[in-house]
């Protein structure tokens, strides 16, 4: 069996399959078959069951034969759990019984030949087609020549109509695709000794059909026969196959198939090779209206029918079978329809007698258990009545005691309720005070962490809640005073740093203005110095004079030694008031001043480079001017130009001196401004 198509998927029935079913007459009735639409999991309508195309072409059709219904009930399986080869096994067995043995199919003969096995592979366990019917190893049976695998049959599922029967064992259970296959003892059920004796003549007839030289019967011949006469063995029929009347038989589904279609169908459901011939007829003539049953088979049927009622010898405990059975003329099968039904019922009774006996045994056990339960119930009823009488007396005494203790219980209840209410109120008040105290202490800790100031109350009242409120008031006063001082200081500094902006109204916005990512003081100094340098260079360029910039700059900008104290720029050295800072703040200020001094030296060097370039350019222009002056013939003009040049040089020196003084003043102003800004920041923190 191929390990494919283990789960349900959308049905894929081809047009070739539809045409084949139409030729076989399977779609003759409108409601006999329904095809699924788009569902990928079967959802059969009411009174329909799931089946497959390969089941139908192997002899299955609705309504289903009673023997197949009984097999499904006894084995506890569903129709979709049988493989196509298993369906063909049942079709061949019914055809064998009715056409070549002359008896209805029965359970006793079936158990002597077949058993059930689970269909599985190494890698998977099947649910669709998970049960396979096998021939017992110790039984000689026909070689049916089944194919090793029927490819893709699980994908071709459909719905067939199910006609409900009156008994449970004849009804097919509704479809349940998730139901797991449960192995039963009936799968390996063997025929009893009584059933073996009753069916021994039939087994001898089967061996005779197999081994008679020149008249050997094969499974392929039986299959070709029921396909040729167009009667479905697994369909419920009014008459058995031994009464088949030919082309006008009421059980036929369609007209005869052509030789080509019949051969193609037989090769599809068997493993015949192209070289193997397809039998056109059976070597043994089957029973029909033209070949009626002999009376000897009627005798066998009557033995099967009346076998349960034969007397047993008490001493030997064996069956006492009559040597001869005379069959009267009125019991001939042809003339008495009642006898036909009697024979059919008797044959089925033989098959199910074993289960009837087991059912009777279980019923007897159930009756014994019911009697035991009845006795126990009677005893429990007596005990219940006694308990009820005792309970009535106890209830009267209890009512009297309750009436006496009603007043006391009422007082106790009211007192308990009052105590409970008071306790809950005290607990809630304590929890509320603890929550308030926790929040006040948290605020106090935050203030101490921010300001590094811790206060002590002068006159504590020794109440945790009131003391915490007092601490919070002191901290709030300190915080408000500090904010006012910081706002006043920042308001005085705001016009110097932001001359073009309007002062913010709130303290928070004012503080955010000074708390920017860039260094405001450094930015102001750099801009002022840039303006001064550009002005100086422009004046020198206009004067066209030669000036020793290095000497001039280093004379005016001599390095200032690190002062031990910092003086405000607004005060003179004589009236300076030193500001004492702690060690950490003074060190930070000194480091910052050193960094500013390094930046100033870098700016000086850049200015010198620019001045040197300007000087070289002036010298070149002076050489060109000198050459031009030498070319002038008039001495007076040269002297005038020399006087004018001297006067311009003096003016230039004066301008340079004034510019240098202005730059020195601006540098001192920037230093003083930076110190004021740093002092304000320290105060704010």
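The values are calculated or read from the model by the stated rules, or taken from the named source; none is laboratory data. No experiment lies behind these values; they were computed from the predicted model shown. Every residue, glycine as well, gets a Cβ built from its backbone with ideal geometry; the counts of neighbours run over all protein chains shown.
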Name every residue in region 177-188 that is in a loop (DSSP other than H, G, I, E, B) and farther than 12 Å from residue 76 by Cβ, in order of residue number. 177, 178
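Sort through 49, 58 and tell me the only one that's part of a loop (DSSP other than H, G, I, E, B) and buried (at least 16 other Cβ atoms within 10 Å of the Cβ). Lay out the reasoning, then the answer.
Numbers: 49 fails: part of a loop (DSSP other than H, G, I, E, B).
Checking each option against the conditions leaves just 58.
For region 68-86, does any single residue satisfy the condition of being without any contact (Cβ under 8 Å) to a residue 60 or more places away in the chain, touching a strand residue (DSSP E or B) at 6+ places or on another chain (Cβ under 8 Å), assigned by TED's automatic domain parsing to the domain that holds residue 189 and over 26 Å from residue 14 (Cβ atoms)? Walk me through it before giving the result.
Step one: of region 68-86, the residues without any contact (Cβ under 8 Å) to a residue 60 or more places away in the chain are 71, 82, 86.
After this cut, where a residue has to be touching a strand residue (DSSP E or B) at 6+ places or on another chain (Cβ under 8 Å) as well, the list is 82, 86.
Retained after the next criterion (residues that are assigned by TED's automatic domain parsing to the domain that holds residue 189): 82, 86.
Narrowing further to those that are over 26 Å from residue 14 (Cβ atoms): none.
No: zero hits.
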Residue count for region 4-46, restricted to those that are outside the structural domain of residue 79 (by TED's automatic domain parsing) and part of a strand (DSSP E or B): 0
Please go through region 157-173 and pick out each residue that is out of contact with any helix residue (DSSP H, G or I) (no Cβ under 8 Å at 6 or more places or on another chain) and either surrounded by fewer than 14 Cβ atoms within 10 Å (Cβ to Cβ) or modelled with pLDDT under 70 (or both). 163, 164, 166, 167
Is it true that residue 49 is out of contact with any helix residue (DSSP H, G or I) (no Cβ under 9 Å at 6 or more places or on another chain), at pLDDT below 95 and under 23 Å from residue 154 (Cβ atoms)? no
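Modelled with pLDDT of 75 or more, over 30 Å from residue 525 (Cβ atoms) and outside any helix (DSSP H, G or I), is that true of residue 460? So that I can check it myself, show each step before the final result.
Working: modelled with pLDDT of 75 or more: yes; over 30 Å from residue 525 (Cβ atoms): yes; outside any helix (DSSP H, G or I): yes.
When the stated conditions are applied, residue 460 passes them.
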Can you name the residue in region 75-100 that is over 20 Å from residue 271 (Cα atoms) and within 43 Å of the chain's Cα centre (by Cα) and, of all such residues, is surrounded by the fewest Cβ atoms within 10 Å (Cβ to Cβ)? 76
Which listed residue, of 238, 260, is over 30 Å from residue 197 (Cα atoms) and modelled with pLDDT of 50 or more: 260
So which residues in region 78-130 are touching a helix residue (DSSP H, G or I) at 6+ places or on another chain (Cβ under 6 Å) and in a strand (DSSP E or B), if there are any at all? 115, 116
Specify the residue that is farthest from the chain's Cα centre (by Cα); the eligible residues are those in region 227-266 that are in a helix (DSSP H, G or I) and surrounded by fewer than 16 Cβ atoms within 10 Å (Cβ to Cβ). 259
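Any residue in region 415-435 that is in contact (Cβ under 8 Å) with a residue 24 or more places away in the chain and either assigned by TED's automatic domain parsing to the domain that holds residue 509 or outside any helix (DSSP H, G or I) (or both)?
For region 415-435, residues in contact (Cβ under 8 Å) with a residue 24 or more places away in the chain and either assigned by TED's automatic domain parsing to the domain that holds residue 509 or outside any helix (DSSP H, G or I) (or both): present.
Does residue 202 count as crowded, with 16+ Cβ neighbours inside 10 Å, in the same structural domain as residue 120 (by TED's automatic domain parsing) and outside any loop (DSSP other than H, G, I, E, B)?
On the way: crowded, with 16+ Cβ neighbours inside 10 Å: yes; in the same structural domain as residue 120 (by TED's automatic domain parsing): yes; outside any loop (DSSP other than H, G, I, E, B): yes.
So residue 202 passes the test.
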I'm told residue 103 meets every condition in (1) buried (at least 21 other Cβ atoms within 10 Å of the Cβ); (2) at positive phi except one. Can you identify the failing condition by its number? (2)
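Checking the conditions here, which among 479, 468, 488, 449 is loosely packed, with under 10 Cβ neighbours inside 10 Å and assigned to a helix (DSSP H, G or I)?
Working: 479 fails: loosely packed, with under 10 Cβ neighbours inside 10 Å; 468 fails: loosely packed, with under 10 Cβ neighbours inside 10 Å; 488 fails: loosely packed, with under 10 Cβ neighbours inside 10 Å.
Only one candidate qualifies: 449.
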